[in-house]
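Everything on this sheet refers to the single structure shown next.
The values are calculated or read from the model by the stated rules, or taken from the named source; none is laboratory data. Just so it is clear, the model here is predicted, and its values are computed rather than measured. We place every Cβ from the backbone using ideal geometry, glycine too, and count neighbours over all the protein chains shown.
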Amino acid sequence: MQIDENAALYVISVAAELAGMHPQTLRQYDRMGLVTPKRAAGRGRRYSAEDVRRLRLIQQLSQEEGINLAGIRRILELSEEVRRAQRRASALSAQLRGMRERPSGADRVFAAGTSGDVVSIVHGRQRRRTGFAGALMPAGTLREAAGQ
């Protein structure tokens, strides 16, 4: 059985130890909105493996890259925006693939009939070309004009 990465499992002391931080630092990051742990029934913070990963990233950006907390917040916001855009692009790609794989007869095509009515035609079949004048003639007149 695999545990969900977003399952809130760790109390603050365990999450702080896993991230290599002091619990007070986690409280500060929670207040700032850098990490938002779930809350237990008694309002205690519960951190997930994803939260711990995010805490480690914050620590790396702060200590190794020298980025301040406001910059880190912006980086995290932009990263989430990119993830949302990637999920949306994947969903749209799948939708487009589905549309391309659909049988050609499944599409409905509409055209103007010779009498001016809107008619449904089978996708992929060519309509008889009547020319501009023929399109304006009432039904039956085209045959008479063509000598049929």
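Here Gly71 clears all of (1) part of a loop (DSSP other than H, G, I, E, B); (2) at pLDDT 95 or above except the condition numbered (1). Output yes when any residue across the stretch 105-121 is touching a strand residue (DSSP E or B) at 6+ places or on another chain (Cβ under 9 Å) and modelled with pLDDT of 95 or more, and no when none is. Looking for residues that are touching a strand residue (DSSP E or B) at 6+ places or on another chain (Cβ under 9 Å) and modelled with pLDDT of 95 or more, one finds none in the stretch 105-121, hence no. The criterion of being in a helix (DSSP H, G or I) and either touching a Lys or Arg at 6+ places or on another chain (Cβ under 9 Å) or hydrophobic (A, V, I, L, M, F, W, C) (or both) does not hold for Ala41.
For beta carbons closer than 9 Å, sequence separation of 6+ or different chains, a first residue in the stretch 33-50 that is touching a residue at least 12 places away in the same chain (Cβ under 8 Å) and surrounded by 14 or more Cβ atoms within 10 Å (Cβ to Cβ) and a second that is outside any strand (DSSP E or B) and of a type in the set (Lys, Arg), the qualifying pairs are Leu34/Arg54; Leu34/Arg73; Val35/Arg54; Arg45/Arg27. Restricting attention to the stretch 1-32, the residues being surrounded by 12 or more Cβ atoms within 10 Å (Cβ to Cβ) and among the basic types (Lys, Arg) number 1. Scan the stretch 44-68 residue by residue and report those that are within 12 Å of Tyr29 (Cβ to Cβ) and outside any helix (DSSP H, G or I). Of everything in the stretch 44-68, those that are within 12 Å of Tyr29 (Cβ to Cβ) and outside any helix (DSSP H, G or I) turn out to be Arg45, Tyr47. Taking the stretch 17-38 as the range and being within 20 Å of Arg74 (Cβ to Cβ) and part of a loop (DSSP other than H, G, I, E, B) as the test, the residues that pass are Gly33, Leu34, Val35, Thr36.
Just one of (1) exposed (fewer than 14 other Cβ atoms within 10 Å of the Cβ); (2) more than 21 Å from Ala7 (Cα to Cα) fails for Ile72. It is (1).
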